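In what follows, a structure is listed as structure tokens, so that the remarks can point back to it.
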Amino acid sequence: MLINVINPNTTESMTEKIGAAARAVAAAGTTVRAANPTMGPASIESHYDEALAVPGLLEQIAAGEAAGAAGHVVACFGDPGLDAARELARGPVVGIAEAAMHTASFLGRGFSVVTTLGRTTGRAWELAHRYGMTGFCRNVRACEIPVLDLEIPGSNARETITQECKRAVEDDGADVIVLGCAGMADLCRSIAEQVGVPVVDGVAAATKTIESLVAQGLATSTRSEYAPPPAKDYSGLLARFTVGG
Ligand code: 5HY
């Protein structure tokens, strides 16, 4: 099966890292298409970034559909455009926050999310609520590390994140850590060795979730709100997003 793993920001080094994390857990027979839009924000750290990342994300969903993808992963912890992507795709679409939180709930009584900037924690709580995970989510912690600092070799990001994860275990009583950024995917194993509890990377969790759904022959229900979008014209910069007709 082909799994379309989309980094909704435009930073190619992060897309490569995300692709490597997905391929590391993909089953034999699974091919990963890791891609990012050519338009939009270099990183997603605000509601403005998130809103303007969605058209590029949807273009990559359409490109994955054209390539025959069995399912799609939205590899950004805000799960931007997830609902719109589900309207476009024939197969299942899973966000990394959604997959990571559900996966963490299998592994302990409670998890803490460790993310980048404080200003994104509200969004993480909103998603925990949407996914019915507030009973498991002990805390959402921020390291105040800009997303693109994760792309700087040798930066102290790894150490800062590891220390925050340790505080989550000690102070929040977290049995499990959820990494709150796709750009942290490569840090998962080393952090787990240092903090001594399971650490969940959403890219890996979402990739395996798509494999599982496809293997069960399951896809998004098109009964109502996730039916394909009604045909209509789009104008101006978005004219090429015209649907149907
Ligand atoms: C992410 N931003 O996973 C989110 C992380 C965040 O560009 N990729 C991004 O801070 O919300």
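Where a number appears in this text, it was derived from the coordinates with a stated rule and is not lab data. Bear in mind that the values here come from a model prediction, so they are computed numbers and not experimental data. When we count neighbours, we look across all protein chains shown, and the Cβ atoms used for this are built from the backbone with ideal geometry, even at glycine.
Counting just the residues of region 52-67 that are surrounded by fewer than 19 Cβ atoms within 10 Å (Cβ to Cβ) and under 19 Å from SER221 (Cα atoms), which one comes out nearest to the ligand (Cβ to nearest atom)? Result: ALA62.
Among the residues making up region 198-213, those that are more than 16 Å from the ligand (Cβ to nearest atom) and either crowded, with 24+ Cβ neighbours inside 10 Å or assigned to a helix (DSSP H, G or I) (or both) are LYS208, THR209, ILE210, GLU211, SER212, LEU213.
Okay, residues lined up against (1) within 15 Å of the ligand (Cβ to nearest atom); (2) surrounded by fewer than 17 Cβ atoms within 10 Å (Cβ to Cβ):
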position	(1), (2)
THR116	yes, no
GLY122	yes, yes
ALA128	yes, no
ALA142	yes, no
LEU150	yes, no
GLU164	yes, no
VAL178	yes, no
GLU193	no, yes
GLY196	no, yes
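The C-beta contact set for region 71-82 (first residue on the phi > 0 side of the Ramachandran plot, second residue among the hydroxyl-bearing types (Ser, Thr, Tyr) and within 13 Å of the ligand (Cβ to nearest atom), distance under 7 angstrom, 6+ apart or interchain) is empty. The condition of being in contact (Cβ under 8 Å) with a residue 40 or more places away in the chain, out of contact with any Gly (no Cβ under 9 Å at 6 or more places or on another chain), of a type in the set (Gly, Ala, Ser) and farther than 18 Å from MET184 by Cα holds for only one of ALA67, ALA53, that being ALA67.
Taking into account only those residues within region 180-191 that are within 11 Å of the ligand (Cβ to nearest atom) and in contact with a strand residue (DSSP E or B) (Cβ under 9 Å, 6 or more places away or on another chain), which is nearest to ILE44 (Cα to Cα)? That would be CYS181. Count of region 2-51 residues, restricted to those that are of a type in the set (A, V, I, L, M), more than 9 Å from the ligand (Cβ to nearest atom) and surrounded by fewer than 17 Cβ atoms within 10 Å (Cβ to Cβ), is 8.
Suppose we keep only residues that are touching a strand residue (DSSP E or B) at 6+ places or on another chain (Cβ under 8 Å) and within 12 Å of VAL114 (Cα to Cα) within region 166-176. Which one would you say is nearest to the ligand (Cβ to nearest atom)? My answer is ALA168. So if I check each of ARG86, ARG90, ARG109, ARG119, which one is touching a residue at least 60 places away in the same chain (Cβ under 8 Å), more than 16 Å from the chain's Cα centre (by Cα) and closer than 24 Å to GLN216 by Cβ? ARG90 is the lone residue from the list that is touching a residue at least 60 places away in the same chain (Cβ under 8 Å), more than 16 Å from the chain's Cα centre (by Cα) and closer than 24 Å to GLN216 by Cβ.
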